Amino acid sequence: MPRRARRAAAGADQLGTMKRCVTDDCTDRPGVYRMIARDGEVLYVGKSKRVRSRLLSYFRCVFPADKGARILREAHQIEWEYVPSEFAALLRELRLIKTLRPRFNVALKRDARHFAFIKVTAGPASKLLVVRGASDDTAAVYYGPFFGAQQLEEAVRELSDVLGLRDCALTTRMHFADQQELFHLYPRTPGCIRHEIHRCLGPCVGGCSVAEYSERVALARAFLDGTNNGPIEMLRARMLESSERLEFERAGTLRAKVQRLESLRTQFLRFRFAVESLSFLYAVPGHDGDDRVYFIRRGRVRAEHAAPRSAEARAELGAIAEQIFGSVDTCGAQVPTHEIDELLLTTSWFRRFPLELGRTSEPLVRKAPELH
Ligand code: SF4
């Protein structure tokens, strides 16, 4: 991507020098900027459709408590680079923030926290958690994003209960049944009553082997991926048994649990559909004719390319599209942690500017087989 960078170095009159450099050198076009401290720390990364106007607005901050004023107080220099469009600026800003982690960039984190995710923790005794935003825990698996953390928590509790997954603190020590050599060290009672009431397999007291527990975790993930309906069927079978034994109260409770899990499944189906529908080529007109094509699959920008202006360039584009869209995506409803922010970015971009969907087109590639 062609980029130009200009630096505003601080002199004796730090603010004045920085402002003069922006006034003299910066142009009003889409761009991304960095506020840099004297020791080289990147304090803040921002973007704008009109980067010159945006940078000059920092020098108009009146109140010392304003975020802009606080950043400028610590800044020693300003760097900026131009990008072809507002979309390119958003993407570049996001990627720079993820790489540089500037301490003043709290706004983006706050955006991600509006959404809830189901996290499947790593390790032999995984548990399901509802979290806001995604952490850097790359070993975990995330499903989402969702609105409505409270509803999600109820559904996740049902799912853990029906599959016998633990919900205790991550620090709770596990003692699987196949850890025979530790048998004499097992605690006599579990850390909570869930094992006694058959809502947890009890990996803390040798209630199951590692394989048995892992099988249930795999079932939970298959359910979340939309490829297995086992948990709902298990609950339905128990509900029928209760009805046959004339235990109508219990049958009613089980019916409510089935409904909560069905609603979770419906949410996932909707989510999968929404994410799948964010798979296309997106042609964005750029500043000074620097038009770009973005290859977006499942809401994540997999590649970008200059808009083709010749048959040769079009063929090159087709080969990239074949590579990106021609393979099967086995992710189901899960989102790799490092891609969550980008998924949120594209989702909110097309929600804010639905007419932009008119610039998208389906890639002409051999169709990958459907996921089951
Ligand atoms: S029974 Fe043991 S493993 Fe299960 S939730 Fe309770 S403390 Fe955790």
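Against the condition buried (at least 19 other Cβ atoms within 10 Å of the Cβ), more than 16 Å from the ligand (Cβ to nearest atom), farther than 21 Å from Phe146 by Cα and in contact (Cβ under 8 Å) with a residue 12 or more places away in the chain, how does Leu254 come out, does it pass? Yes: the conditions hold for Leu254. Tell me, yes or no, whether region 283-294 has at least one residue that is in contact with a Leu (Cβ under 9 Å, 6 or more places away or on another chain) and in the same structural domain as Leu355 (by TED's automatic domain parsing). Looking through region 283-294, at least one residue is in contact with a Leu (Cβ under 9 Å, 6 or more places away or on another chain) and in the same structural domain as Leu355 (by TED's automatic domain parsing).
Scanning region 227-250 for residues that are surrounded by 12 or more Cβ atoms within 10 Å (Cβ to Cβ) and assigned to a loop (DSSP other than H, G, I, E, B) gives Thr227, Asn228, Asn229, Glu247. Screening Ala149, Ala140, Ala134, Ala169 for residues that are over 24 Å from Gly230 (Cα atoms) and at pLDDT below 85 leaves exactly one candidate, Ala134. Listed by position, the strands (runs of 3 or more DSSP E) contained in region 17-114 that have at least 2 residues being β-branched (Val, Ile, Thr) are 31-37, 42-48. When Tyr213 is tested against the conditions (1) more than 13 Å from the ligand (Cβ to nearest atom); (2) closer than 16 Å to Asp161 by Cα; (3) among the hydroxyl-bearing types (Ser, Thr, Tyr), the lone failure is (1).
Matching residues to (1) free of Cβ contacts under 8 Å to residues at least 40 places away in the same chain; (2) more than 25 Å from Tyr143 (Cβ to Cβ); (3) among the β-branched types (Val, Ile, Thr):
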position	(1), (2), (3)
Ile193	yes, yes, yes
Tyr213	no, no, no
Phe223	no, no, no
Asn228	yes, no, no
Leu235	no, no, no
Arg250	yes, yes, no
Gly286	no, yes, no
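The set of residues from region 224-276 being of a type in the set (Asp, Glu) and farther than 14 Å from Leu152 by Cα comprises Asp225, Glu233, Glu241, Glu244, Glu247, Glu249, Glu276.
There is at least one residue in region 208-219 that is crowded, with 17+ Cβ neighbours inside 10 Å and part of a loop (DSSP other than H, G, I, E, B). Scanning region 227-238 for any residue that is among the aliphatic types (A, V, I, L, M) and within 14 Å of the ligand (Cβ to nearest atom) turns up nothing.
The values are calculated or read from the model by the stated rules, or taken from the named source; none is laboratory data. Note that the structure is predicted; figures quoted are calculated from it, not measured. Note: ideal-geometry Cβ built from the backbone for every residue, glycine included; neighbour counts use all protein chains shown.
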